[in-house]
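Before any comments, here is the structure.
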Amino acid sequence: MDSIVVTGGSTLKGRIAIAGAKNACLTLMPATLLSEEPLTLTNAPRLSDIQTMTTLLESLGAEVSGMAGGQVLALSSHGLTSTRADYEIVRKMRASNLVLGPLLAREGQAVVSLPGGCAIGARPMDIHITALEALGAEIELKDGYLHAVARGGLKGARVPLRFASVGATENVLMAATLAKGTTVIENAAREPEIVDLARCLRKMGAQIEGEGTSTITVQGVDRLHGATHPVVTDRIELGTYMLAPVFTGGEVECLGGRMELVAAFAERLDAAGIEVTETEAGLKVRRRGDRPRAVDVETAPFPGFPTDLQAQMMAMLCLAEGVSTLEERIFENRFMHAPELMRMGARIEVTGGTARVTGVERLKGAPVMATDLRASVSLILAGLAAEGETRVNRVYHLDRGYERVEEKLRGVGARIERVQAA
């Protein structure tokens with residue numbers, strides 16, 4: 001099992017190219033199930049989660065091929081052979097449930113495994129089920145699988161979501177494109193990944209209005225056609241690398257970054273004494289003083305502070321002057337990185353969904369264990385500033401969401417390498 005070894009103390013300077021968004025690509029790929037014509041995605045990230053979704057789509061009879069070093073995905077669902085998403089594939093990644101809506105819309109039926117547990121808390125499927133039932137689907141849970149059927153096809157309807165769930169919004173949005181009549185999704189999630197999905201579906205012939213707001217209106221059409229679409233910049237990778245020079249000093253330009261993708265995050269950085277400047281190529285970041293200042297953070301659905309940047313922000317605040325409070329409002333059990341940071345000398349107190357962080361002047365390298373994707377990279381960032389060597393174990397999580405992290409950080413001066421267990 002691989003580990004990442006970081007030797008702290010190097011000042012970072014240079015440019016980091018930000019990849020296409022994992023969460024956007026994982027949503028766009030199932031959209032191929034809505035049409036018999038090819039869908040081509042450019043700027044696709046090279047990640048293990050993308051391979052998992054590829055495996056799932058191929059198990060349904062879709063054809064998926066990668067070109068140009070993996071950054072272009074060519075997908076075709078002209079000859080589907082199955083409407084069953086098996087547990088052995090779905091259990092590896094929760095985004096697998098996004099085949100449910102497209103299969104129901106095109107084939108009128110689907111059997112999709114429940115995705116199982118999640119290290120960062122429960123992500124219930126009931127919002128997805130209720131939303132699709134509003135469109136006329138009949139869904140029954142049997143032996144760990146959702147058995148769904150749309151007798152006579154899906155029909156447009158008013159779909160109020162009890163929570164602004166990103167996955168449920170995506171599932172019902174795709175399903176509604178082929179439903180008869182008009183669908184109005186209320187309390188829809190507003191994330192950039194949903195805006196990106198709507199733009200792609202519109203290129204395929206869908207009639208959609210209101211993406212990026214809490215109300216999305218979809219007028220169903222008889223069929224969708226092929227399209228080519230670039231995957232939006234990964235705002236979580238962007239935010240992660242924006243923090244890198246905060247730990248070490250120096251200045252890093254994140255190529256492809258856009259302020260509207262990370263506005264709430266950038267506002268908290270500014271409050272902490274970190275300068276973020278828009279450039280022609282992206283966003284440039286540097287620390288104004290010797291240490292960042294303490295700030296309070298509360299995670300929220302977009303356009304609020306992203307839960308997927310909470311672990312990285314906590315690592316930074318471990319070195320800030322003063323006392324910071326982080327409130328996790330999206331997922332329970334998402335402070336598992338705190339004990340690992342404490343092994344490096346951080347002062348953190350966790351009570352329920354609140355973490356109180358008292359900044360220290362320095363961290364010390366230590367062997368630590370990654371508990372999930374974002375925790376993995378938070379420990380790597382902490383290692384950039386720590387005295388001595390930090391070994392981050394169980395980094396298979398990392399490969400699900402960050403491509404070539406060692407190469408990107410080495411390119412701006414970090415001392416980091418991947419090593420294999422003896």
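Nothing in this text is a laboratory measurement; each read-out follows from the coordinates by a stated rule. Model, not experiment: these values are computed from the prediction. Here Cβ is always computed from backbone atoms with ideal geometry, including for glycine, and neighbour counts include all displayed protein chains.
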- [ ] Find the centroid of the Cα atoms in the stretch 376-401 and in the stretch 127-162, then give the distance between the two in whole Å.
- [x] 41
Open item on the list: Please give the Cα centre distance for the stretch 267-286 versus the stretch 240-265, rounded to the nearest Å.
Closed with: 6
TODO: Report, by chain and number, residues whose modeled amide H sits under 5 Å from the one on residue 389, excluding near sequence neighbours (fewer than 5 apart, same chain).
DONE: 365
Open item on the list: Cut-off 10 angstrom, C-alpha nodes, Gaussian network model of the chain. Which of 128, 147, 337 fluctuates the most?
Closed with: 147
TODO: Determine Rg/Rh for the stretch 352-422; Rg is computed over alpha-carbon atoms and Rh is the Kirkwood hydrodynamic estimate from the same atoms.
DONE: 0.98
- [ ] Consider a paramagnetic label point 7 Å from the Cα of residue 325 along Cα→Cβ; state which residues of the stretch 349-380 have an amide N under 16 Å from it.
- [x] 349-359
Open item on the list: Need the list of aspartates and glutamates near residue 13 for cross-linking: C-alpha distance under 13 angstrom, and skip anything on the same chain fewer than eight residues off.
Closed with: 251, 253
Open item on the list: For a quick check: with amide H placed at 1.01 Å from N, whose amide H comes under 5 Å from residue 232's, ignoring anything fewer than 5 positions away on the same chain?
Closed with: 21
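Which loop GluC sites (Glu not before Pro) in the stretch 325-422, with loop taken from DSSP, have no more than 16 other Cβ atoms within 10 angstrom of their Cβ?
Of the GluC sites (Glu not before Pro), the ones in loops of the stretch 325-422 whose Cβ has at most 16 other Cβ atoms within 10 Å are 332, 361.
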- [ ] Filter the cross-link list 203/408; 142/203; 22/203 down to pairs whose alpha-carbon distance in this structure exceeds 26 Å.
- [x] 203/408; 142/203
Open item on the list: Roughly how far apart, in whole Å, are the Cα centres of the stretch 348-362 and the stretch 207-239?
Closed with: 38
Task: Contact order normalised by residue count of the chain, Cα under 8 Å, 6+ apart, percent - done: 21
Open item on the list: Nearest 5 percent is fine: what portion of the DSSP beta bridges confined to the chain is antiparallel?
Closed with: 70
Task: Descending principal axes extents, the chain, alpha-carbon based, whole Å - done: 65, 45, 41
Open item on the list: Can you pull out the trypsin sites (Lys or Arg not before Pro) in the stretch 167-272 whose DSSP state is coil and whose Cβ has at most 16 other Cβ atoms within 10 Å?
Closed with: 223
Task: Share of Cα-Cα pairs in the stretch 22-230 lying beyond 20 Å, as whole percent - done: 51
TODO: Please work out, to two decimal places, the log10 of the ratio I(q)/I(0) at q = 0.08, 0.14, 0.15 Å⁻¹ from a Debye calculation in which every Cα of the stretch 270-422 carries one identical scatterer.
DONE: -0.22, -0.70, -0.82
Task: FRET efficiency, 1/(1 + (r/R0)^6) with R0 35 Å, evaluated for residue 143 and residue 223 via beta carbons - done: 0.55
Task: Structure-based [θ]222 nm, the chain - -39500 (n - 2.57) summed over DSSP H runs of at least 4, per residue, nearest 500 - done: -8000 deg cm²/dmol
Open item on the list: Please report the antiparallel percentage of the DSSP beta bridges confined to the stretch 22-230, to the nearest 5.
Closed with: 75
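So, by mean Cβ neighbours within 10 angstrom, what's the order for 378-385, 239-246 with the highest one leading?
378-385, 239-246
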